[in-house]
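Participant: I'd like to ask you about the structure that follows.
The values are calculated or read from the model by the stated rules, or taken from the named source; none is laboratory data. The shown structure was predicted, so the numbers you read here are calculated from the model rather than taken from an experiment. Reconstructed Cβ throughout: ideal geometry from the backbone, glycine too, with neighbour counts over all protein chains shown.
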């Protein structure tokens with residue numbers, strides 16, 4: 001479905017001059033007409049940006065009203081002044097929208113080590129706060145306002161009915177690796193008009209993120225700014241979700257997060273393939289994720305896929321150095337559905353056919369099967385191309 | 001100095017037809033005229049090649065006489081037949097040179113998942129065993145016999161005197177990342193005519209490798225075949241080294257291993273820079289290595305260096321996700337000797353000058369200083385170039 005703002009949410013974005021290109025939206029604002037339950041999941045990088053510290057201190061909350069987002073400058077590695085600037089952004093939104101302190105969350109993405117141009121931010125916030133709308137064009141512009149090197153906006157939404165009440169879950173996201181001096185960062189805001197307790201909202205977001213946004217990589221470089229926020233304003237009506245209704249919400253949230261998460265490597269810088277790495281037969285999900293991430297981050301696996309080379313040796317050997325104990329004689333691998341390695345030994349397979357399918361399809365599937373247990377995980381990544389190198393190297397300060 | 005075979009060692013290599021290109025050496029043999037103390041340090045990859053399993057079972061030993069090396073086929077992921085083939089290689093050498101079983105170590109590098117062409121191996125071993133020599137040309141050919149995608153041979157040697165006895169430590173190595181379907185692997189054989197106990201030899205090799213060969217990466221992909229062997233035949237005369245004499249040997253071994261280890265990223269596939277990452281001020285050396293490796297493996301750091309971009313944000317943020325706790329407000333960074341980030345905040349520096357030095361010098365130095373303790377480590381890597389991607393992707397099975 002075309003994603004829409006859930007009931008009670010509006011948004012928009014304007015060009016405030018932080019990005020060089022005229023007309024490119026760089027200050028976005030999301031507002032709920034009533035307080036929302038607001039929860040967040042944040043980067044695990046020790047070196048984290050000012051807005052991450054700020055939002056962490058405010059969430060979980062039951063009174064969030066707004067999220068302000070700027071692109072172009074990440075406000076990371078900016079010391080005390082960065083913290084003050086972040087606080088000021090929130091205060092500007094509070095003044096422009098008539099909110100209390102502590103009702104505004106802040107997201108920033110862009111160049112690191114550079115201070116925010118606060119006059120531009122201020123004029124941007126004033127402008128955008130006067131043009132908020134809940135129509136689909138405004139949602140599209142809001143999503144554009146968080147883009148850096150993304151080539152497409154990332155919006156996904158689902159609707160479902162519980163006891164006669166129609167609920168909406170809609171998310172926007174940005175991310176396509178990093179470029180130039182920028183930390184391109186992964187940011188996402190998921191909005192819903194469902195009625196959730198802060199505790200359930202936080203647990204639902206954590207669980208969904210751990211299997212979606214935390215299972216993607218483009219280049220394995222964890223940003224200083226990564227943030228996923230969930231805002232639930234209950235505007236659809238009905239009681240606080242619990243039991244099977246909460247489960248239904250969680251399932252929908254998972255789907256929206258999975259759609260958004262996949263859209264990031266699908267738009268990976270210079271990428272020609274979206275790669276799904278599935279790892280089965282592990283003792284624990286954490287071990288399956290660790291193996292999946294190690295395969296997904298191997299430049300040799302990524303270049304082989306770019307070259308349409310069904311090079312199972314690179315995949316199997318990457319699993320071998322993931323730091324997870326397993327019996328290598330019980331490992332099997334499928335590429336694009338075809339068995340290429342079985343219980344520790346090569347299999348005669350039609351290399352030309354697998355190579356052809358890799359060359360022709362944008363999506364590549366790697367399925368690694370161990371024999372250690374019943375846990376599994378999926379991980380998404382891109383291939384590695386000369387264009388990625390060009391995008392990230394051909395910049396001179 | 002030009003490296004020479006230590007006393008009592010000889011070697012050579014021939015083209016046996018495993019590599020496609022006519023004349024390219026692919027079977028090499030090293031022989032000591034008397035039993036050597038032979039010790040090894042091996043890949044930590046769970047998926048390890050047949051020769052790794054074989055050599056592990058024989059070392060440490062006091063009776064090694066020979067090392068046979070083939071390039072072109074790695075004998076990895078080859079099941080039971082791979083183990084049998086490896087054993088046969090050793091037996092062929094024993095027959096050709098009149099050795100006992102268990103006196104020959106085996107190294108293989110090249111394509112994985114392919115069985116060794118045993119007839120070619122056999123004829124190669126027969127040929128090479130009849131052309132052994134201890135001259136420098138033979139050492140050069142021996143080094144060539146282990147090359148895969150290397151563009152230069154890697155030989156380093158040092159001589160020193162202890163109590164009037166001249167001792168030689170000479171090593172050869174190969175490795176330049178991976179290419180096509182090959183596991184290009186890091187292999188090294190270090191020979192010495194010093195007199196060592198197996199226990200001291202093993203400890204000396206482990207210590208040297210942990211600070212040299214284990215502190216390099218080209219693409220972070222741990223090979224199935226990585227092996228470093230040390231052979232000490234005592235032919236220079238004198239008693240078993242101990243005390244300060246042992247220390248002097250250890251220092252020389254460390255230097256030879258460092259020279260050899262650096263030569264690998266210096267010859268990295270497609271690389272235009274050799275990057276030294278120094279991490280100071282850590283609680284433990286292991287933590288310093290972990291941070292150094294995370295920085296060295298970041299594609300964003302590597303592409304920035306390729307583009308001569310003094311992008312300190314990428315370096316600092318890579319340290320932040322290394323999984324080592326530290327206070328990010330006490331972090332400083334120097335690039336090519338210039339302070340660019342000081343105690344958690346950007347520093348005004350001459351970006352054009354740093355960029356120029358990065359563009360003009362083949363060697364780039366990153367020095368990250370934490371404030372957690374007194375431990376430090378060095379790590380060496382390459383930049384990441386479009387040529388690396390081309391080498392590793394533009395192969396179709």
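Participant: From the list B:26, B:33, B:100, exactly one residue is modelled with pLDDT of 95 or more, away from chain A (no Cβ under 14 Å) and out of contact with any helix residue (DSSP H, G or I) (no Cβ under 7 Å at 6 or more places or on another chain). Which is it?
Facilitator: Working: B:26 fails: out of contact with any helix residue (DSSP H, G or I) (no Cβ under 7 Å at 6 or more places or on another chain); B:100 fails: out of contact with any helix residue (DSSP H, G or I) (no Cβ under 7 Å at 6 or more places or on another chain).
Exactly one residue qualifies, and that residue is B:33.
Participant: Evaluate the following for residue A:201: is it assigned by TED's automatic domain parsing to the domain that holds residue A:148, under 18 Å from the mean Cα position of the chain (by Cα), under 24 Å from residue A:365 (Cβ atoms) and surrounded by 24 or more Cβ atoms within 10 Å (Cβ to Cβ)? Break it down into steps so the answer makes sense when it comes.
Facilitator: Numbers: assigned by TED's automatic domain parsing to the domain that holds residue A:148: yes; under 18 Å from the mean Cα position of the chain (by Cα): yes; under 24 Å from residue A:365 (Cβ atoms): no; surrounded by 24 or more Cβ atoms within 10 Å (Cβ to Cβ): yes.
For residue A:201, the condition - assigned by TED's automatic domain parsing to the domain that holds residue A:148, under 18 Å from the mean Cα position of the chain (by Cα), under 24 Å from residue A:365 (Cβ atoms) and surrounded by 24 or more Cβ atoms within 10 Å (Cβ to Cβ) - is not met.
Participant: Oh, and also: Quick check, is residue B:292 surrounded by fewer than 17 Cβ atoms within 10 Å (Cβ to Cβ) and more than 8 Å from chain A (Cβ to nearest Cβ)? Don't jump to the end; show me each part of the working.
Facilitator: Values: surrounded by fewer than 17 Cβ atoms within 10 Å (Cβ to Cβ): no; more than 8 Å from chain A (Cβ to nearest Cβ): yes.
So residue B:292 does not fit the description; no.
Participant: Just the residues that are touching a residue at least 40 places away in the same chain (Cβ under 8 Å) and either outside any strand (DSSP E or B) or over 17 Å from the mean Cα position of the chain (by Cα) (or both), please, taken from region A:159-170.
Facilitator: Initially, region A:159-170 is screened for residues touching a residue at least 40 places away in the same chain (Cβ under 8 Å), giving A:159-160, A:162-163, A:165-170.
Residues satisfying the conditions are A:159, A:160, A:162, A:163, A:165, A:166, A:167, A:168.
Participant: In region B:45-78, what residues are surrounded by 22 or more Cβ atoms within 10 Å (Cβ to Cβ) and in a strand (DSSP E or B)?
Facilitator: Result: B:64, B:65, B:66, B:67, B:68, B:69, B:70, B:71, B:72, B:73.
Participant: Looking at region B:140-152, can you tell me whether even one residue there is more than 14 Å from chain A (Cβ to nearest Cβ), in contact (Cβ under 8 Å) with a residue 24 or more places away in the chain and over 28 Å from residue A:317 (Cα atoms)?
Facilitator: Yes: one or more hits.
Participant: Further, regarding this structure: Given (1) touching a residue at least 40 places away in the same chain (Cβ under 8 Å); (2) over 30 Å from residue B:346 (Cα atoms), identify the lone condition not met by residue A:66.
Facilitator: Unmet condition: (1).
Participant: Same structure again: Between a first residue in region B:346-366 that is free of Cβ contacts under 8 Å to residues at least 12 places away in the same chain and a second residue that is surrounded by fewer than 19 Cβ atoms within 10 Å (Cβ to Cβ) and assigned to a loop (DSSP other than H, G, I, E, B), which pairs have beta carbons less than 9 Å apart while being 6 or more apart in sequence or on different chains?
Facilitator: Once the first residue is free of Cβ contacts under 8 Å to residues at least 12 places away in the same chain and sits in region B:346-366, its partners that are surrounded by fewer than 19 Cβ atoms within 10 Å (Cβ to Cβ) and assigned to a loop (DSSP other than H, G, I, E, B) give B:352/A:396; B:352/A:397.
Participant: Looking at residue B:81 and the list (1) surrounded by fewer than 22 Cβ atoms within 10 Å (Cβ to Cβ); (2) assigned by TED's automatic domain parsing to the domain that holds residue B:215; (3) outside any helix (DSSP H, G or I), which single condition is not satisfied?
Facilitator: Of everything listed in (1) surrounded by fewer than 22 Cβ atoms within 10 Å (Cβ to Cβ); (2) assigned by TED's automatic domain parsing to the domain that holds residue B:215; (3) outside any helix (DSSP H, G or I), residue B:81 misses just condition (3).
Participant: Read through the list (1) at the interface with chain A (Cβ under 9 Å from one of its Cβ atoms); (2) buried (at least 23 other Cβ atoms within 10 Å of the Cβ); (3) touching a strand residue (DSSP E or B) at 6+ places or on another chain (Cβ under 9 Å), then give the number of the only condition that residue B:303 fails.
Facilitator: The failed condition is (3).
One line per residue, one yes/no per condition, for (1) at pLDDT 95 or above; (2) more than 11 Å from chain A (Cβ to nearest Cβ); (3) under 27 Å from residue B:212 (Cα atoms):
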{"position": "B:322", "(1), (2), (3)": "no, no, yes"}
{"position": "B:334", "(1), (2), (3)": "yes, yes, yes"}
{"position": "B:344", "(1), (2), (3)": "no, no, no"}
{"position": "B:351", "(1), (2), (3)": "no, no, no"}
{"position": "B:363", "(1), (2), (3)": "no, yes, yes"}
{"position": "B:368", "(1), (2), (3)": "yes, yes, yes"}
{"position": "B:388", "(1), (2), (3)": "no, no, yes"}
{"position": "B:393", "(1), (2), (3)": "no, no, no"}
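Participant: Could you say which residue among B:248, B:208 is away from chain A (no Cβ under 14 Å), surrounded by 24 or more Cβ atoms within 10 Å (Cβ to Cβ) and over 30 Å from residue A:296 (Cα atoms)? Before you say what the answer is, go through the steps one by one.
Facilitator: On the way: B:248 fails: surrounded by 24 or more Cβ atoms within 10 Å (Cβ to Cβ).
So the residue among B:248, B:208 that is away from chain A (no Cβ under 14 Å), surrounded by 24 or more Cβ atoms within 10 Å (Cβ to Cβ) and over 30 Å from residue A:296 (Cα atoms) is B:208.
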